[in-house]
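Asks: Dumping the structure here so I can ask a few things about it.
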Amino acid sequence: MGRKHTPFTSLSRRKRRAKTLHIKNLIYRERDRLGGIFFDECDQVAALASGRWTWSDIIFLSQDPAIFWNAEIITANVAFADAVEDIAFNEAFSKLNAAETQQEMHLDFTPDVSSNGKRWLRKPALKYPQFDGLTFNDFIDKRALEIARDNPPAIYCGYRILPGYASGIGLQIVVEADRLNRAVIETAIADFRARGERNWISDVPARVCYSDKTICTPLKIKE
């Protein structure tokens with residue numbers, strides 16, 4: 001049997017404080033690489049060099065010594081892309097009948113005859129008349145571009161606390177920046193703390209553009 005999932009917030013304060021101390025030590029050990037405010041497994045040198053660092057999973061300490069935050073930080077552009085692609089996917093999905101839905105939700109493979117059956121290839125994607133002869137995925141890509149251009153959803157920066165995490169308290173951070181770097185992350189953490197470590201959403205929509213390119217290359221870090 002698998003281990004029971006125990007939310008961090010349901011632990012005793014003593015246990016939460018012990019886990020937070022472990023995170024504090026981890027952040028301290030990585031201070032030369034990351035500055036001592038947060039921990040991130042992302043290879044920041046590679047991410048910065050790419051010019052496309054737009055999301056990271058980070059952990060940082062609360063002002064409460066028995067709490068640490070397990071956060072996803074993304075740019076507003078990533079949040080915009082997620083929203084646009086969700087709309088496009090739902091629209092495409094609604095146009096499929098039951099049989100077509102079954103087909104798209106299951107991967108079908110066929111033997112590669114050139115490898116004597118030792119290798120399998122995915123069957124070609126089906127094209128649908130309701131998508132003007134496009135495949136399911138190609139239609140989603142097309143509609144995402146159209147939605148981003150013609151009817152873009154508003155994106156608001158801020159902080160959203162996510163309950164139920166086993167490691168720390170979950171948090172999503174959306175920042176208005178073209179890409180991430182240490183200064184952007186540290187500024188977001190400082191602002192979150194200054195606002196009392198609570199849910200907060202800006203009342204001004206972020207400026208966004210649409211791109212499907214994101215990067216965050218993880219490192220293997222010993223805890």
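Asks: Scan the helices (runs of 4 or more DSSP H) fully inside the stretch 3-73 and keep the ones with 2 or more residues being closer than 16 Å to A183 by Cβ. Working first, answer last.
Replies: Numbers: elements: 13-29, 31-34, 44-50.
Result: 31-34, 44-50.
Asks: Right, here's the next one. Considering (1) at pLDDT below 95; (2) surrounded by 14 or more Cβ atoms within 10 Å (Cβ to Cβ); (3) not basic (K, R), say which one F139 fails and leave the rest.
Replies: Among (1) at pLDDT below 95; (2) surrounded by 14 or more Cβ atoms within 10 Å (Cβ to Cβ); (3) not basic (K, R), the lone unmet condition for F139 is (1).
Asks: Would you call R14 surrounded by 13 or more Cβ atoms within 10 Å (Cβ to Cβ) and among the basic types (K, R)? Walk me through it before giving the result.
Replies: Numbers: surrounded by 13 or more Cβ atoms within 10 Å (Cβ to Cβ): no; among the basic types (K, R): yes.
The answer is no for R14.
Asks: Which condition from (1) in the same structural domain as P129 (by TED's automatic domain parsing); (2) in contact (Cβ under 8 Å) with a residue 24 or more places away in the chain; (3) not small (G, A, S) is the one that W69 breaks?
Replies: (1)
Asks: Output the residues belonging to the stretch 193-212 that are part of a strand (DSSP E or B) and aliphatic (A, V, I, L, M). It would help to see each step written out before you state the result.
Replies: Within the stretch 193-212, the subset part of a strand (DSSP E or B) is 200-201.
Selection gives I201 alone.
Asks: Now, a different point. If the Cβ limit is 6 Å and pairs must be 6+ apart or interchain, which residue in the stretch 151-167 that is touching a residue at least 60 places away in the same chain (Cβ under 8 Å) pairs with which residue that is surrounded by 12 or more Cβ atoms within 10 Å (Cβ to Cβ) and assigned to a loop (DSSP other than H, G, I, E, B)?
Replies: Listed by first residue and then by second, the contacts come to I155/A206; I155/V208; C157/E176; C157/S202; C157/A206; G164/P7.
Asks: On to the next question. Could you grab me the full set of residues in the stretch 179-209 that are at pLDDT below 95 and in contact with a Ser or Thr (Cβ under 7 Å, 6 or more places away or on another chain)?
Replies: R179
Asks: Sticking with this one: May I ask you to list the residues in the stretch 126-144 that are over 20 Å from the mean Cα position of the chain (by Cα) and either in contact (Cβ under 8 Å) with a residue 60 or more places away in the chain or outside any strand (DSSP E or B) (or both)?
Replies: L126, P129, Q130, F131, D132, G133, F136, N137, D138, F139, K142, R143
The values are calculated or read from the model by the stated rules, or taken from the named source; none is laboratory data. Treat the numbers as computed from the prediction; the structure is a model and nothing was measured. Please note: Cβ atoms are built from the backbone with ideal geometry, for glycine as well, and neighbour counts cover all protein chains shown.
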